[in-house]
Amino acid sequence: MNELYNVFSLNGAWEMDYCQDTYNGKENPWKKGTLIENAVPGYWEDMTDVFAWTPFFRRLKINPAYGIQKYPITGEAPDMALPNIVGNFFYRRTFMCEDTGLQTVIHFEGVQNAVSVWLNDVFLVRHEGYSTPFDVEIPKGVLKNGENVIVLSISNHFLAGYAGRLVSGLTSRAANEYSGGVTGDIELRVYNSPLRDVSLFVSPDCEEVIARVEAVEDVVYSWAVYDGEQLVKSGNNKGILKFDTKGLERWSPENPTLYTLQISCGEGILTHRFGVRRMTVEGVHFQLNGLPYFLRGICEHCYFPETIHPTHDISFYRNVIRKLKSLGFNFIRFHTYIPPEEYMQAADELGMLLHVESPNNTSLSEWREIVNFCSHHTSVVIYCCGNELQIDDSFVAHLEQCAKVVHDHTASLFSPMSAMRGLEYCLEPMEHHPGRFKAVGQFSDMYSSYALGLLSYISLDADPAKLDDWRSVYNKPRVSHEICIDGTYTDLSLKDRYKGTRIERTDMFSSIEHHLEA
């Protein structure tokens with residue numbers, strides 16, 4: 001529940017046009033377009049049948065990685081690329097509004113991969129990054145009474161992140177598919193309160209909660225903590241709020257007890273659900289709420305076989321977590337993508353520890369957005385900066401900046417990289433780099449360890465004695481990188497699931513069937 005602002009939806013029909021190259025200019029690019037029903041939210045790859053009736057259809061550029069992909073394939077089979085659209089779309093629509101003089105923002109639930117925004121011919125911002133929702137503030141005097149015109153320029157070309165390197169994560173490169181579009185709601189939000197946000201920190205001993213209340217001005221506010229409908233604690237405050245946890249149960253996967261913090265100021269009411277939990281380290285062991293804790297986890301590869309894209313249906317994620325818990329798991333690592341809000345909310349409710357991981361080469365600015373977004377969830381206990389990147393001396397400095405963001409703004413742990421190339425493997429003639437381990441260890445709480453592949457790619461040949469010897473290399477708690485990862489077979493019984501979808505139009509299933517017949 002949020003009573004801080006009034007919402008005006010900008011979903012639905014927009015005019016659209018297309019060009020192949022990314023548009024980075026600040027001048028309003030709109031010339032003319034075609035009205036597309038249900039353009040927002042919408043992935044471009046799901047709209048090709050609609051685009052076929054537009055003047056720009058013949059100009060559409062298709063994923064260059066898509067080619068002849070038929071089985072049999074000699075050697076190791078690659079990911080199956082999809083014939084998705086790559087390029088830049090322009091969007092335009094009008095909406096009626098009144099300029100109330102209150103702070104107003106345009107809220108984007110998701111855009112893949114970057115967007116520039118104009119309102120009434122005024123350039124507002126260019127936002128690069130697709131991992132989190134974000135707001136675009138409307139300066140005073142730009143919003144008009146009556147009709148307003150908003151224009152967007154959205155590109156799904158790869159972004160340049162850290163040191164100019166390409167940003168790559170599972171929602172942008174999975175199966176080489178060049179996904180793109182508006183991936184969630186677009187809203188106009190008119191604030192009626194100075195309150196904006198609240199972030200909670202649980203002390204290492206779990207005896208105190210510190211709440212940082214964000215507001216546009218220095219205000220006195222009322223606060224209350226509820227257990228369901230029952231009032232537990234309350235008071236008035238200004239600035240940082242602190243309250244003890246006496247009488248509050250500790251949150252864990254076995255006991256996912258949540259409470260509600262309510263902040264009130266004037267007509268505005270801000271609510272935040274939270275659990276009292278703290279993940280810490282003691283030597284080479286994890287502790288949850290001061291007690292030793294063993295993580296039994298899976299690797300989440302952003303695989304959504306029914307919807308193809310991540311869904312915003314919380315019931316889906318609740319079902320996933322219930323099934324994982326029934327199998328004995330208590331921990332999920334997200335491979336180079338940030339889970340949707342609904343996934344994290346379900347994990348809070350049902351009790352699942354989460355290890356969130358940014359796309360590779362994420363910029364420091366997007367990393368801050370990721371940490372801020374995920375820090376609202378009790379279930380998120382580990383932040384990680386990507387997967388299998390080469391960690392050289394300059395990258396160590398970047399990781400240290402990322403660690404500082406986590407330690408300054410969350411009560412969670414920092415892991416530099418999942419599989420630390422340049423520290424623990426891909427080194428000749430040594431097996432690990434003691435100097436870099438020492439440097440990275442200064443700001444890291446734990447590691448996501450490759451361990452020479454003995455727990456993943458060559459796990460059947462692993463020597464337990466070798467693994468024991470390697471403990472001294474880390475001297476910190478570890479989670480295993482992609483444990484027991486391996487190939488699998490395509491399940492032909494799933495073919496009917498994709499009738500009438502763009503997957504059916506590829507040779508993903510039919511070429512295998514023809515090969516087996518031959």
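What to note about this one:
- The fraction of accessible area contributed by carbon and sulfur in the chain is 50 percent, rounded to a whole number (1.4 Å probe; ligands and nucleic acids excluded).
- Total formal charge among the other residues, if their Cβ is under 11 angstrom from that of PHE437, Lys/Arg +1 and Asp/Glu -1: +2
- Long-range amide H partners of ARG277 with built H, under 5 Å: TRP251
- Kirkwood hydrodynamic radius of region 368-494, Cα pairs, Å: 15.8 Å
- Remark: region 269-276, residue by residue, has Karplus-estimated 3J(HN,Hα) of 10, 10, 10, 9, 8, 8, x, 8 Hz, where x stands for each Gly or Pro and the curve is 6.51 cos²θ - 1.76 cosθ + 1.60 at θ = phi - 60°.
- For region 101-202, the fraction of alpha-carbon pairs in successive 5 Å shells from zero, as %: 2, 11, 19, 20, 16, 14, 10, 6, 2, 0
- Bins of 10 Å, starting at 0 and running to the largest distance - Cα pair percent for region 244-389: 10, 37, 36, 14, 2
- The 3J(HN,Hα) values that the Karplus relation (6.51, -1.76, 1.60; θ = phi - 60°) gives for region 231-239 are, in residue order, 6, 9, 8, 6, x, 10, 7, 9, x Hz. Gly and Pro appear as x.
- Under a 5 Å amide H cut-off, with hydrogens placed 1.01 Å from N, LYS61 pairs with VAL86 among residues at least 5 apart or on other chains.
- Coordinate range along principal axes, alpha carbons of region 1-140, Å, largest first: 64, 36, 27
- The chain: calculated mean residue ellipticity at 222 nm from DSSP helix runs of at least 4, using -39500 (n - 2.57): -4500 deg cm²/dmol
- Applying 1/(1 + (r/R0)^6) with R0 = 22 Å to the Cβ-Cβ distance of HIS301 and SER510 gives a FRET efficiency near 0.35.
- The Rg/Rh ratio of the chain, with both radii computed over alpha carbons and Rh defined as the Kirkwood radius, is 0.97.
- Inverting the pair-averaged 1/r between distinct Cα atoms of region 369-438 gives 13.0 Å as its Kirkwood hydrodynamic radius.
- Bridge orientation summary for region 270-367: considering DSSP beta bridges with both residues in this region, about 45 percent are antiparallel.
- Ratio of Rg to Rh over region 1-53 (Cα coordinates, Kirkwood Rh, two decimals): 1.08
- Computed with a 1.4 Å probe over protein heavy atoms only, the accessible surface of the chain comes to 47 Å² per residue.
- Computed from backbone phi, the HN-Hα couplings of region 335-349 come to 6, 6, 8, 9, x, x, 3, 5, 5, 5, 5, 5, 5, 4, 5 Hz, rounded to whole numbers (Karplus: 6.51 cos²θ - 1.76 cosθ + 1.60, θ = phi - 60°; Gly and Pro given as x).
- Total formal charge among the other residues, if their Cβ is under 13 angstrom from that of TRP251, Lys/Arg +1 and Asp/Glu -1: -1
- Pairwise centroid distance, computed over Cα atoms, of region 294-352 with region 425-499, Å: 21 Å
- Length-normalised contact order of the chain in % [C-alpha pairs under 8 Å, at least 6 apart]: 12 percent
- Computed extension gain for ILE269 through ILE210, at 0.36 nm per residue and net of the alpha carbon distance, reaches 19.4 nm.
The values are calculated or read from the model by the stated rules, or taken from the named source; none is laboratory data. Computed from a prediction, not measured in an experiment: that's the story for all the values here. Because the Cβ atoms are built from the backbone with ideal geometry, glycine has one as well, and the counts that use them run over all protein chains shown. In case anyone asks, the SASA skips ligands and DNA or RNA and just uses the protein heavy atoms, side chains included. Shrake-Rupley method; radii C 1.70, N 1.55, O 1.52, S 1.80 Å.
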